[in-house]
1. Collect the residues in segment 46-88 that are farther than 23 Å from residue 18 by Cβ and part of a helix (DSSP H, G or I), keeping them in residue-number order.
2. Scan 37, 91 and give me the residue that is of a type in the set (A, V, I, L, M, F, W, C), open to solvent by less than 60 Å² (accessible area, probe 1.4 Å) and not in a loop (DSSP other than H, G, I, E, B).
3. Of the residues in segment 1-26, how many are assigned to a helix (DSSP H, G or I), surrounded by fewer than 15 Cβ atoms within 10 Å (Cβ to Cβ) and of a type outside the set (A, V, I, L, M, F, W, C)?
4. Do we find a residue being surrounded by fewer than 15 Cβ atoms within 10 Å (Cβ to Cβ), under 15 Å from residue 35 (Cα atoms), of a type in the set (D, E, K, R) and touching a residue at least 12 places away in the same chain (Cβ under 8 Å) anywhere in segment 64-78?
5. In segment 53-63, what residues are small (Gly, Ala, Ser) and without any contact (Cβ under 8 Å) to a residue 12 or more places away in the chain?
6. Among the listed residues 41, 67, 76, identify the single one that is modelled with pLDDT of 95 or more and either closer than 23 Å to residue 6 by Cα or of a type in the set (Val, Ile, Thr) (or both).
7. Return the pair list, or none, for Cβ contacts closer than 9 Å from residues in segment 37-52 that are among the β-branched types (Val, Ile, Thr) to residues that are open to solvent by 60 Å² or more (accessible area, probe 1.4 Å) and not in a helix (DSSP H, G or I), at least 6 apart or on different chains.
Amino acid sequence: MGELGTARLALEEAYRIRLAAGDAAGVAKTQEHLATLAHLVGDVAGAAGRLDEAIATWRQLGARGEVSRLLARRGVIAVDAGDLDYARACLAD
């Protein structure tokens, strides 16, 4: 499985625990970490989906700084996917 696979399993467990506990900020942070792992292994779509979920959660919590930070990261992933229009939209948001 390797170290990244082990890390992914641990983060998925953390995600389930935080979700069950109603820890929205913890869920968003864990989603961000899962997105990082997905991006590292070349799963651009998985990384994008995880970041989109984290961004939505931070929006619900009114955490504008976190939203801005993750939108910049989401823009990078859009560039990696070849979607420059979406990358621009992320940076403009």
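1. Our first condition is that a residue be farther than 23 Å from residue 18 by Cβ; within segment 46-88, this holds for 72, 75-76, 78-88.
Selection gives 72, 75, 76, 78, 79, 80, 84, 85, 86, 87, 88.
2. Selected residue: 37, the only one of 37, 91 that is of a type in the set (A, V, I, L, M, F, W, C), open to solvent by less than 60 Å² (accessible area, probe 1.4 Å) and not in a loop (DSSP other than H, G, I, E, B).
3. If we filter segment 1-26 for residues that are assigned to a helix (DSSP H, G or I), which is where we start, we get 2-21, 24-26.
Filter again for surrounded by fewer than 15 Cβ atoms within 10 Å (Cβ to Cβ), leaving 2-6, 9-10, 12-13, 16-17, 19-21, 25.
Imposing the further condition that a residue be of a type outside the set (A, V, I, L, M, F, W, C) reduces the set to 2-3, 5-6, 12-13, 16.
Residues that pass the stated criteria total 7.
4. Scanning segment 64-78, I find no residue that is surrounded by fewer than 15 Cβ atoms within 10 Å (Cβ to Cβ), under 15 Å from residue 35 (Cα atoms), of a type in the set (D, E, K, R) and touching a residue at least 12 places away in the same chain (Cβ under 8 Å), so the answer is no.
5. Start the filter on segment 53-63 by keeping residues that are small (Gly, Ala, Ser), which leaves 54, 56, 62-63.
Hits for segment 53-63 are 56, 62.
6. Working: 41 fails: modelled with pLDDT of 95 or more; 76 fails: modelled with pLDDT of 95 or more.
Result of the check over 41, 67, 76: 67.
7. 44/81
The values are calculated or read from the model by the stated rules, or taken from the named source; none is laboratory data. Please read these numbers as outputs of a predicted model, since none were measured by experiment. No Cβ is skipped: glycine too gets one built from the backbone with ideal geometry, and neighbour counts run over all protein chains shown. Quick note on the areas: whole protein, heavy atoms, side chains included, nothing else; ligands and nucleic acids left out. Shrake-Rupley method; radii C 1.70, N 1.55, O 1.52, S 1.80 Å.
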